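Heads up, the thing below is written out as structure tokens.
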Amino acid sequence: MAEHQVGKIGPVILLGPPGAGKGTQAKQIVERYNIPQISTGDLLRDHVQRATPLGVEARSIMARGELVPDELMYGIVADRLRAPDCANGYVLDGFPRTAAQAGWLDAFLEEQVFDKSEKCPPVVIQLLVDYTQLLLRLTGRRSCPACGRLYNIHSQPPRFDELCDVDSSKLVIRNDDRQEVISERLSAYERLTEPVAGYYRAQGRLVAVNADRTPDEITAELFGVLDSHARAVCDKTAKPE
Ligand code: AP5
């Protein structure tokens, strides 16, 4: 879908369990609002691949399906959010994931925006999906190592067996999409990330969306939520009083 002119959109936070479709929907939002996707999972996987000190530490934690300690996350997120391409907004996919990370992000955003007239508060969208569906989505997920395009052997298969439609690369399975790791990831979500939804709900910022539908149906609802947010909150707060 073509880029859409709605002015400043600010931070968009996608919350949801593993396999909820955060990455799938983030890519649609990126295209429409011309803002970057910041996936902490992708940032960490990049560190693992490059074997940086963070990557070496995170590797076994991620392979077990556990969360990387909060203190290791703050530096990479802060660095990324300070990049110039984040000036008009960004989609956070996979962060915050603990109540402590949510508190840290609020403090970071408060500190980062010196001119309060420029402030645009985050919109937080929670993707709700049935547990059985999540298992199907995670066990069926395949991705292209070259272009990053996502597939699912059950719901969105490639045209030719296990090959990317765009560049014909052999599709890969993510290291943590194994049955035993999936259950630990889902359990970590319930224990540590569900409270983040409560944190934002208490602030009146949480928008819950039924994500047990087709990707296009979900995208249409998200665009509606984000367009309204941009008009009602960001346009107003972006203008000096
Ligand atoms: P991360 O990479 O963030 O993974 P995740 O949260 O487990 O989420 P996924 O990427 O698995 O799922 P998704 O919701 O993006 O779904 P997708 O769109 O791909 O984190 C990985 C690890 O990094 C963590 O376990 C942790 O160790 C660490 N980490 C990351 N951030 C951290 C943080 N902040 N703090 C600490 N540790 C952190 O879709 C899944 C599949 O479903 C695809 O095949 C897709 O095609 C399909 N699909 C999508 N939507 C639909 C639909 N509507 N209908 C049918 N199929 C669909």
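Anything in region 33-66 that is more than 11 Å from the ligand (Cβ to nearest atom), farther than 28 Å from T219 by Cα and either in contact (Cβ under 8 Å) with a residue 24 or more places away in the chain or open to solvent by 70 Å² or more (accessible area, probe 1.4 Å) (or both)? List them, or say none.
Q49, R50, P53, V56, E57
Within the group R142, R159, which residue is surrounded by 15 or more Cβ atoms within 10 Å (Cβ to Cβ) and out of contact with any Lys or Arg (no Cβ under 8 Å at 6 or more places or on another chain)?
Step by step, each of R142, R159 is checked, and only R142 is surrounded by 15 or more Cβ atoms within 10 Å (Cβ to Cβ) and out of contact with any Lys or Arg (no Cβ under 8 Å at 6 or more places or on another chain).
Determine the pairs where a residue that is touching a residue at least 60 places away in the same chain (Cβ under 8 Å), located within region 67-90, has a partner that is within 16 Å of the ligand (Cβ to nearest atom) and open to solvent by 30 Å² or more (accessible area, probe 1.4 Å) with Cβ atoms under 7 Å apart, the partner being 6 or more residues away or on another chain.
If the second residue must be within 16 Å of the ligand (Cβ to nearest atom) and open to solvent by 30 Å² or more (accessible area, probe 1.4 Å), the pairs left are L67/R97; L67/L192.
Residue by residue, here is whether (1) more than 11 Å from the ligand (Cβ to nearest atom); (2) in contact with a strand residue (DSSP E or B) (Cβ under 7 Å, 6 or more places away or on another chain) holds:
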residue	(1), (2)
P157	no, yes
D167	yes, no
E180	yes, no
S183	yes, no
R201	yes, no
L206	yes, yes
T214	no, no
F223	yes, no
V233	yes, no
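Checking F114 against (1) over 16 Å from the mean Cα position of the chain (by Cα); (2) at pLDDT 95 or above, only one condition comes out false. Which one?
Failing condition for F114: (2).
For every residue, the table says whether it meets (1) of a type in the set (D, E); (2) under 20 Å from L138 (Cβ atoms).
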{"position": "G23", "(1), (2)": "no, yes"}
{"position": "E31", "(1), (2)": "yes, no"}
{"position": "N34", "(1), (2)": "no, no"}
{"position": "V48", "(1), (2)": "no, yes"}
{"position": "P53", "(1), (2)": "no, no"}
{"position": "A58", "(1), (2)": "no, yes"}
{"position": "L72", "(1), (2)": "no, no"}
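The values are calculated or read from the model by the stated rules, or taken from the named source; none is laboratory data. Predicted model, so just to flag it, every value in this text is computed and none were measured. When we count neighbours, we look across all protein chains shown, and the Cβ atoms used for this are built from the backbone with ideal geometry, even at glycine. Quick note on the areas: whole protein, heavy atoms, side chains included, nothing else; ligands and nucleic acids left out. Shrake-Rupley method; radii C 1.70, N 1.55, O 1.52, S 1.80 Å.
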